[in-house]
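See below for the structure under consideration.
The values are calculated or read from the model by the stated rules, or taken from the named source; none is laboratory data. Note that the coordinates shown come from a computational prediction; the quantities given were computed from them, not determined experimentally. Here the Cβ is made from the backbone with ideal geometry for all residues, glycine too, and neighbour counts use every protein chain on show.
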Amino acid sequence: MTDLKHELARRRTFAIISHPDAGKTTLTEKLLWFGGAIQVAGEVRARKASRHATSDWMELEKQRGISVTSSVMQFPYRDAIINLLDTPGHEDFSEDTYRTLTAVDSAVMVIDSVNGVEAQTIKLLSVCRLRDTPILTFINKLDREGREPIELLDEIESVLGMQCAPMTWPIGMGKRFRGVYDLYTDKISFFDPHADKGTSEVIQGLDNPRLDEVIGDQAAELRIEVDLVRGASHTFDQAAYLAGKQTPVFFGSGVNNFGVQSVLDAIVDLSPRPLARPAESREVAPDEPKFSGFVFKIQANMDPKHRDRIAFLRVCSGRFERGMKIKQVSQGKTMAINNAITFMAQDRNTTDEAYSGDIIGIPNHGTIRLGDTFTEGEDLKFTGIPSFAPDLFRRAQIKNPMKMKQLQKGLQQLAEEGQTQLFKPLASNDLILGAVGVLQFEVVAHRLEHEYGVECVFEGCTWATARWLRGKDEDIRALLDRAPANMAQDGAGDYVYLAPNRVNLQMAQERHPNVQFLETREIY
Ligand code: GDP
């Protein structure tokens, strides 16, 4: 195998998705710990705690350095190189999460065994659906009295529309939680919260008398249950998993380290290596020798005064090497990347190169945009990095009108960074911000004040939803004539229809059947 093929085969790039409090941070931390990437479990939690402890979100500002490097966590495990991409959780749930999901090859979904499938899981899953991202499921908190496992599988199947293939099966739950049975290796791991890494003993075989010794009556129950489960559930099918149609399911308790190893092993054994990526003109295979990649996230850097930003680029083919000259296709410009950040936590010798599946951070002053493609020269354009029609709208109201220019510039730049979306109605001078999560507005207000010296407030406004418009010029013009007050341009100059309610939107769509009203737009 060539170097490139070998490196590629080792890469696993994924994100963890969950509803808040299901246990994403805990699992992230335990995966890093089991992978040997952190020495003390607690580092990730400390970061999250400081995020939440302060009502002033902007404490985070001070920690930007940390958050840049912890956005991507790369570590070796067995023969693999794992790239775990952090998605902002909780209130800071935002478009960033959606876009991060375009940069992974698979995802791990954490479900709380007490709460089952929750709202945000459904939302995130619908994003994964856009690309049929393979999903591995971890049902967490088996140490609590939760729902019956079979019921949880049913719920995943019916609500999320994926077949479930249980890989392990829990032995009891809550106070009676004794471990899991691996349906494929016929091994039983006994749970002990006080044991090293949560497991007191592993035995082979469901008929093993040691099983009865350790768990007594529960052994007979388990044997019956396993029989039923084997009959009633789907067998793991690699192809169905890779097609996003089936999810292998593991049970455990993250906070007790239990079941974490199985998830980590499954990522190596089952999850896909870097996949081919669609571009406008062709599909780009990960083992093509020439470098290519796209920017899925922009993050402001440490020093607010300099407006440094880090562009996170997912490598899609070839090999990146420090100092390499690459072309920013949208600008037709070639630049030497000397100061790229790579994320290998431990092995310093390899920090100067990156392969398909890896992420590199490129510092810049705002010249790199979301969705930008970089290549060794070819005019490629990767597709599929979405903007979503926002659910929340605010009108920016400036306190000092003399600062209008700074406000416009600030909002434009923050929109390019993806902090919020910006809409400029054609019929007024309003600046309308659109977001998916409320926290996005807070971030923008803070950054406008601290980075652009503009104080402003965000007021509620009449808009409830937005759609990007596609169609022939004359059809768009007809819409413009008919509903001038609803027409706007977004930060990139694209035409957008703003609607005060669903009925209005529906009527506009009916009246203008030749115009497409798009709920998602790819960033150009
Ligand atoms: P996130 O919001 O999805 O990142 O969730 P966290 O990882 O912060 O977990 C939310 C809460 O659930 C925390 O208090 C954790 O300690 C707790 N938790 C996580 N895993 C388990 C588990 O396996 N069992 C129990 N009982 N609690 C857990």
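Output the strands (runs of 3 or more DSSP E) that fall wholly within region 158-248 and possess 2 or more residues being at pLDDT below 95, or say none.
Because the criterion is at least 2 residues that are at pLDDT below 95, the strands (runs of 3 or more DSSP E) in region 158-248 that meet it are 199-204.
With buried (at least 16 other Cβ atoms within 10 Å of the Cβ) and at pLDDT 90 or above as the only criterion, which of Q419, Q408 stands out?
Result of the check over Q419, Q408: Q408.
Scan region 8-33 and report the pairs whose first residue is without any contact (Cβ under 8 Å) to a residue 12 or more places away in the chain and whose second residue is of a type in the set (D, E, K, R) and within 9 Å of the ligand (Cβ to nearest atom), with Cβ atoms within less than 6 Å and a gap of 6+ or a chain change.
No pair meets every condition.
For region 114-166, give me each residue that is basic (K, R), under 23 Å from the mean Cα position of the chain (by Cα) and surrounded by 15 or more Cβ atoms within 10 Å (Cβ to Cβ).
Passing the criteria: K123, R131, K141.
Which of the residues belonging to region 8-27 are under 13 Å from the mean Cα position of the chain (by Cα) and within 13 Å of the ligand (Cβ to nearest atom)?
Selection gives A15, I16, I17, S18, H19, K24.
Consider A478 carefully, then state whether it is in contact with a Phe, Trp or Tyr (Cβ under 9 Å, 6 or more places away or on another chain), surrounded by fewer than 22 Cβ atoms within 10 Å (Cβ to Cβ) and not β-branched (V, I, T).
Judged against the criteria, A478 is not a match.
I'd like the full set of residues that are touching a Lys or Arg at 6+ places or on another chain (Cβ under 6 Å) and crowded, with 16+ Cβ neighbours inside 10 Å, limited to region 481-517.
Answer for region 481-517, where residues must be touching a Lys or Arg at 6+ places or on another chain (Cβ under 6 Å) and crowded, with 16+ Cβ neighbours inside 10 Å: A488, Y497, F517.
On the basis of being of a type in the set (D, E, K, R), surrounded by fewer than 17 Cβ atoms within 10 Å (Cβ to Cβ) and at pLDDT 50 or above, does D3 make the cut?
For D3, the condition - of a type in the set (D, E, K, R), surrounded by fewer than 17 Cβ atoms within 10 Å (Cβ to Cβ) and at pLDDT 50 or above - is met.
Quick one: which of E157, E213, E151, E201 is more than 14 Å from T137 (Cα to Cα), in contact with a strand residue (DSSP E or B) (Cβ under 6 Å, 6 or more places away or on another chain) and away from the ligand (no atom under 16 Å from the Cβ)?
E201
Restricted to region 253-285, and to residues that are among the hydroxyl-bearing types (S, T, Y) and modelled with pLDDT of 95 or more, which residue is nearest to the ligand (Cβ to nearest atom)?
S253
Scan region 211-232 and report the pairs whose first residue is without any contact (Cβ under 8 Å) to a residue 60 or more places away in the chain and whose second residue is buried (at least 17 other Cβ atoms within 10 Å of the Cβ) and among the charged types (D, E, K, R), with Cβ atoms within less than 7 Å and a gap of 6+ or a chain change.
Filtered contacts from region 211-232: I215/R178; Q218/R178.
Any residue at all in region 150-163 that is hydroxyl-bearing (S, T, Y) and farther than 16 Å from T13 by Cα?
The answer is yes; a qualifying residue exists.
Please indicate, with yes or no, whether at least one residue in region 233-252 is away from the ligand (no atom under 16 Å from the Cβ), among the β-branched types (V, I, T), surrounded by 14 or more Cβ atoms within 10 Å (Cβ to Cβ) and over 17 Å from F138 (Cα atoms).
no
To keep it simple, each residue is scored yes or no on (1) at pLDDT 95 or above; (2) assigned to a strand (DSSP E or B).
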| site | (1), (2) |
| --- | --- |
| T462 | no, no |
| W468 | no, yes |
| L505 | yes, no |
| Q509 | yes, no |
| P513 | yes, no |
| R521 | no, yes |
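Mind listing whichever residues of region 315-353 are at pLDDT 85 or above, hydrophobic (A, V, I, L, M, F, W, C) and in a strand (DSSP E or B)?
V315, C316, F320, I326, M335, A336
Restricting to region 113-148, name every residue that is within 16 Å of the ligand (Cβ to nearest atom) and charged (D, E, K, R).
E118, K123, K141, D143, R144, E145, R147, listed by residue number.
Out of K141, K123, report the one residue that is at pLDDT below 95 and under 21 Å from T28 (Cα atoms).
The conditions single out K123.
So that you can scan it fast, the table gives a plain yes or no per residue for (1) touching a strand residue (DSSP E or B) at 6+ places or on another chain (Cβ under 6 Å); (2) more than 27 Å from I385 (Cα to Cα):
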| residue | (1), (2) |
| --- | --- |
| L433 | yes, no |
| G437 | no, no |
| A466 | yes, no |
| D475 | no, no |
| A485 | no, yes |
| Q489 | yes, no |
| A492 | no, no |
| V515 | yes, no |
